[in-house]
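*Asks:* Sharing a structure with you now.
What follows is calculated from the coordinates using simple rules that are stated; it is not laboratory data. Quick caveat, the model's predicted, so the values are computed rather than measured. Note: ideal-geometry Cβ built from the backbone for every residue, glycine included; neighbour counts use all protein chains shown.
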């Protein structure tokens, strides 16, 4: 992270925007603003929205607990279920067609 004065930021704004680094813009020697990339901003905003939503946080926690316990379904197994023929989908130990 680099610190840039307000006047230097005005002169080099295109360079600051093109840089992958964050830039802290100072005014009178004190931090006044932070310049970050748009994708980083979007990710931070999504994180903040998630943190504000208690139900979503609980769902994430439940999923993490299931993964750690080994009881979560993996993506490949879910993909198999959605791409297999309806007759091959097992319900209660039986193939759906036999029910």
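*Asks:* Taking other Cβ within 10 Å of each residue's Cβ, how do 7, 12 sort, fewest first?
*Replies:* Details: 7 10, 12 14.
Listing 7, 12 from fewest to most nearby Cβ atoms yields 7, 12.
*Asks:* Give the Debye-formula value of log10 I(q)/I(0) at each listed q (0.23, 0.25 Å⁻¹), with one equal scatterer per alpha carbon of the range 9-63, two decimals each.
*Replies:* -0.89, -0.97
*Asks:* Along the Cα→Cβ direction, 7 angstrom out, place labels at residue 1 and residue 28. What is the inter-label distance in nm?
*Replies:* So the label points at residue 1 and residue 28 sit 2.2 nm apart.
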